1. Given the residues ALA271, ALA225, which is the only one that is surrounded by fewer than 18 Cβ atoms within 10 Å (Cβ to Cβ) and farther than 30 Å from VAL402 by Cβ?
2. Among the residues of the stretch 361-377, which ones are at pLDDT 95 or above and within 16 Å of the ligand (Cβ to nearest atom)?
3. Could you figure out which of (1) more than 14 Å from the ligand (Cβ to nearest atom); (2) within 29 Å of ALA169 (Cα to Cα); (3) of a type in the set (Asp, Glu) isn't true of ASP347?
4. I'm told ALA264 meets every condition in (1) small (Gly, Ala, Ser); (2) buried (at least 18 other Cβ atoms within 10 Å of the Cβ); (3) not in a helix (DSSP H, G or I) except one. Can you identify the failing condition by its number?
5. Can you tell me how many residues within the stretch 170-203 are in contact (Cβ under 8 Å) with a residue 60 or more places away in the chain and within 16 Å of the ligand (Cβ to nearest atom)?
6. Might you check whether a residue that is of a type in the set (Val, Ile, Thr) and farther than 30 Å from TYR500 by Cα occurs anywhere in the stretch 160-176?
7. Please find, within the stretch 109-146, the residue that is surrounded by the most Cβ atoms within 10 Å (Cβ to Cβ) out of those that are β-branched (Val, Ile, Thr) and not in a helix (DSSP H, G or I).
8. Has the stretch 291-306 got any residue that is modelled with pLDDT of 90 or more, away from the ligand (no atom under 16 Å from the Cβ), within 17 Å of the chain's Cα centre (by Cα) and farther than 19 Å from ILE222 by Cα?
Amino acid sequence: MNNVFDQYEVWFVTGAQLLYGGDAVIAVDAHSNEMVNGLNESGKLPVKVVYKGTANSSKEVEAVFKAANNDDKCVGVITWMHTFSPAKMWIHGLQQLKKPLLHLHTQFNKEIPWDTMDMDFMNLNQSAHGDREFGHICTRMRIRRKVVVGYWKEEETLHKIAVWMRVCAGWADSQDMLIIRFGDQMNNVAVTDGDKVEAEQRMGYHVDYCPASELMEYHKDIKNADVDALVATYFNDYDHDASLEDKSTEAYQKVWNAAKAELALRAILKAKGAKGFTTNFDDLGQTDGSYFDQIPGLASQRLMAEGYGFGAEGDWKSAALYRTVWVMNQGLPKGCSFLEDYTLHFDGEKSAILQAHMLEVCPLIAEQKPRLEVHRLSIGIDSETARLVFTSKQGEGVAATVVDLGNRFRLIVNVVDCIKSKKLPKLPVASALWIPQPNLEVGAGAWILAGGTHHTSFSYDLTTEYWEDYAEIAGIEMVVIDKNTTIPEFKKELRMNEVYYMLNKALC
Ligand code: MN
C-alpha cells in the first residue's frame, strides 16, 4: 500500500440560496471552485478535495449528502457558507449524513476591501453571517463535527483540515476492518476484553476468532525458497552478528522458522482480508511441534510496520486502534507502534515508564537500525526466539487506548515525552522510555483513574487534535492527559462525563 489516501476523497459543498439571484450563485460557484483548487494545490492536504457545487435548497442538500453516504471514496464532507444559507434547508440532509463533517468557517477574500465594498459585495461575502446560521442548526441537531476557523490559504487552517482528513481516512479504513484473533484473551485479564458487538456498532471494525489449526494450513504451504528469500531480506535490512548467518546453528534455524511464521501469518491475513490480528502467548504452541516453535514476535514487529494492527494477549481493541493510528500516520516522519507500559523508573521530575514487553514493538519507532538477535524467551513457548532489538526516538508523542466501561467506550490519550533510554544488556528487546505529561505522578495517576490499559497505540507524529477528531466522529468519550492536567480537575471531568453519558443514551 503506497499511499492509503489516494483511494479517498473529501467532498466540498458550498451553501447558498437563490435570494440574491442567479448571478450571485454563479459567483459563489466560481469562488468555491477557485478555493477547492487552491486547497488541492496547496500540497498540504493528504486527501483530494472534490467540489460538489452549491446547495441552494433542501432538496439539493439532501441529494448531495445522500450521494456522499453512498460513495465509498468519499470519507468526509466539508461545508462552507459563502453567502447566507437559511439553515432549515439543511435539516433533512443533516439528518441523513453518515460521513464525517467539517464546517469550514472561512471567507473567499482575506481582507475587507474598504474603499470599494458595496452592498452587492457584502451580500456575496457574508460567511460570518451564513456560517453562524449553519452552525446553529448543527448544534441544535446535535450534529458531531469539526469546526475550523481561518483563512483558507493559511498554513494553520490547512493543517487543521489535513488532520481531520487523516482521521477521516482512518475512520473509513476501520469501517471495513477485520481483526483476527489467534487465541482468545489472556485468561482473567479485564482491560483487554470488552463488548465486540458494541465495538462494531460504534467504531466499525469486526473481530473474528481463527483456530490455530487453520493458521497451520497456511504454515505448511509456505515454500522453503520463500523462507530463504525472507531470511536474506532480514540479513540485508538489519544489523546482526555474522555468526547468525551460519546455517548449521540453532540460531539460524530459529530465524528461518521465524521467517516462515511471518509468511504464514501474512498469507492468512491476506486471504481473509484482515487488517490486524492478536496473539496470545498461552495459545501458540503444540507439544508435537506442529505449530510455531517460538512466539512469532519478529513477525508481529514486521507486520505492524507494514500496517497490520497488532494487540498482544488477545487485545483486539488495541489491534484495531493501532491499525487506525498507522493509517493516520502515513507519510509522517517519526512513526508509530503498539506499546506496553512495563517498568517504572523513579527519578524525580525525570521519572519515566519503560515501554517494552517481550518482543512486540514496531520498528517504525526505532532510533537506529534494528538489530536481529536470537535469545531465549521462557514465556509462552520456552525457546530461543528471533526478535528485532532497538531503542526508540526521542521527542513528544501521544499514547492512546480505548477501554470498555460497561455502558460506553472511553478513549484515553496521554501526551508523553520520549527520552533517551539506557542500554539494557540483559534485556535484549525493543523498547521506548517516556515521561507521561505533565509528569509521572499526575500522568500515570490520571491514566489509572481513567481506567486505562497497560497497552497503548503510540505515535510521535499524531497529536491530541487527531484524537479529538476521532472521538467526535466515533461519538465516544475522550479524556486527554497533558501538561495542563491536574488530578482534582481530571477527577471532576470523569465524574461529569459519567453523568453526561448516563443522560445521553444515544452515545452509550
Ligand atoms: Mn500485555
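The values are calculated or read from the model by the stated rules, or taken from the named source; none is laboratory data. Source: prediction; values computed, not measured. Virtual Cβ from ideal backbone geometry, glycine too; neighbours counted across all protein chains shown.
1. Every option except ALA225 fails the conditions.
2. Result: VAL361, CYS362.
3. Condition (2) is where ASP347 drops out.
4. Condition (3) is where ALA264 drops out.
5. Residues meeting the conditions: 12.
6. Looking through the stretch 160-176, none of the residues is of a type in the set (Val, Ile, Thr) and farther than 30 Å from TYR500 by Cα.
7. Per the criteria, the residue is ILE143.
8. Yes, that holds for at least one residue.
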